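Working notes, structure below.
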Ligand code: AMP
């Protein structure tokens, strides 16, 4: 596997490959890789000539300083994992390399997608995501880029970014990879205490039960049911649960025909914030 720390060198290398008409599959990550990431990488690997992974903890998408400082950094282990799945290229830059020394995000208009859910609770988050993904797309110029449904709102926003800026890349959504007990894999899971880790699978269990309820009950009744469940839980604190249109991410008062719904949840387990979602 080739490892690059500087975009100038990566670009030079990739432009040679492109001359040879090689297709590039790209998986942007923040590292602390787990099987969820690897499932995206394997997909990218199987559908393209060359698989490029980036590991970059993007400071501009963090609204919480402690979350940024404590974000797990395990580059040596990550490299071993990437080698084990035969990843071709790793780009592991500094913030200065990505941002040319000006580590700031640009303001984006994602037609309102950015004001829902995560956008309400993490100020500036999607400006940071938009800025870094746009920059990474310009550096890597992939044919296809792979994003997990684990961050469903992010996935929809990236699709919008590509559409608005006419970026010639195909966005490939990938299924959520879960632990055996149902907890969605996340780099933040290693920061959970033993107690919180044991309790965390409840999040997915409640999502699945809510999906069943939603078949018979109204939108509001289902939301209230989930809120009540969490109000009784001493270890997990619900930040939000909502049922929204998959496409617009907007929630409505009543169920509407023809709309594909999805349940979205964010929960604090101590100081660790966990998110999950499920097609309803
Ligand atoms: P992150 O390193 O958390 O920024 O994630 C990098 C990419 O991996 C994003 O597209 C995520 O949505 C995706 N991802 C993270 N966790 C999972 C998971 N459990 N299943 C599927 N994709 C995931």
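Give segment 72-93 a look and list any residue that's more than 24 Å from residue 189 (Cα to Cα) and surrounded by fewer than 17 Cβ atoms within 10 Å (Cβ to Cβ), or say none.
Once the filter is applied, which keeps residues that are more than 24 Å from residue 189 (Cα to Cα) and surrounded by fewer than 17 Cβ atoms within 10 Å (Cβ to Cβ), segment 72-93 yields only 86.
What residue, of 209, 215, 228, 255, is more than 23 Å from the chain's Cα centre (by Cα) and at pLDDT below 95?
Criteria check complete, one pass: 255.
Test of understanding: among 114, 123, 76, which residue is at pLDDT below 95 and either in a helix (DSSP H, G or I) or more than 24 Å from residue 171 (Cβ to Cβ) (or both)?
Exactly one of 114, 123, 76 is at pLDDT below 95 and either in a helix (DSSP H, G or I) or more than 24 Å from residue 171 (Cβ to Cβ) (or both), namely 123.
Looking only at segment 128-148, which residues are in a helix (DSSP H, G or I) and closer than 17 Å to residue 93 by Cβ?
Passing the criteria: 128, 129, 131, 132, 133, 134, 135, 136, 137, 138, 139, 140.
Output the number of the condition that residue 52 fails; it satisfies all remaining conditions of (1) surrounded by 15 or more Cβ atoms within 10 Å (Cβ to Cβ); (2) within 12 Å of the ligand (Cβ to nearest atom); (3) not in a helix (DSSP H, G or I).
Here residue 52 clears every test but (2).
Pick from segment 7-36 the residues that are within 16 Å of the ligand (Cβ to nearest atom) and not in a loop (DSSP other than H, G, I, E, B): which of them is surrounded by the fewest Cβ atoms within 10 Å (Cβ to Cβ)?
Only one residue fits best here, namely 35.
Can you tell which of 47, 65, 43 is within 16 Å of the ligand (Cβ to nearest atom), surrounded by fewer than 17 Cβ atoms within 10 Å (Cβ to Cβ) and closer than 23 Å to residue 151 by Cβ?
Just one listed residue meets the conditions, 47.
More than 11 Å from the ligand (Cβ to nearest atom) and in the same structural domain as residue 24 (by TED's automatic domain parsing): does that describe residue 150?
no
What number goes with the only condition from (1) under 21 Å from residue 67 (Cβ atoms); (2) under 16 Å from the mean Cα position of the chain (by Cα); (3) surrounded by fewer than 18 Cβ atoms within 10 Å (Cβ to Cβ) that residue 120 does not pass?
Unmet condition: (2).
Taking the criterion of being assigned to a strand (DSSP E or B), touching a residue at least 40 places away in the same chain (Cβ under 8 Å) and crowded, with 19+ Cβ neighbours inside 10 Å, would at least one residue in segment 210-229 satisfy it?
No, there is no match, as no residue in segment 210-229 is assigned to a strand (DSSP E or B), touching a residue at least 40 places away in the same chain (Cβ under 8 Å) and crowded, with 19+ Cβ neighbours inside 10 Å.
Just a yes or no: is a residue in segment 185-193 away from the ligand (no atom under 16 Å from the Cβ) and either under 30 Å from residue 32 (Cα atoms) or more than 23 Å from the chain's Cα centre (by Cα) (or both)?
yes
Which condition number does residue 155 fail, the rest of (1) closer than 24 Å to residue 169 by Cα; (2) surrounded by 22 or more Cβ atoms within 10 Å (Cβ to Cβ); (3) in contact with a strand residue (DSSP E or B) (Cβ under 8 Å, 6 or more places away or on another chain) being met?
(2)
Which residue is surrounded by the most Cβ atoms within 10 Å (Cβ to Cβ), if the candidates are limited to segment 257-280 and must be assigned to a loop (DSSP other than H, G, I, E, B) and in contact with a strand residue (DSSP E or B) (Cβ under 8 Å, 6 or more places away or on another chain)?
Residue satisfying both the conditions and the ranking: 280.
Please pick out the residue among 249, 235 that is in contact (Cβ under 8 Å) with a residue 12 or more places away in the chain, out of contact with any strand residue (DSSP E or B) (no Cβ under 7 Å at 6 or more places or on another chain) and surrounded by 15 or more Cβ atoms within 10 Å (Cβ to Cβ).
249
Being in contact (Cβ under 8 Å) with a residue 60 or more places away in the chain and within 13 Å of the ligand (Cβ to nearest atom) is the filter here, so list the residues in segment 166-177 that pass it.
Those that are in contact (Cβ under 8 Å) with a residue 60 or more places away in the chain and within 13 Å of the ligand (Cβ to nearest atom): 172, 174, 175, 176, 177.
The values are calculated or read from the model by the stated rules, or taken from the named source; none is laboratory data. Keep in mind the model is a prediction, meaning the values are calculated, not measured. All Cβ positions, glycine included, derive from the backbone under ideal geometry; neighbour counts span all protein chains shown.
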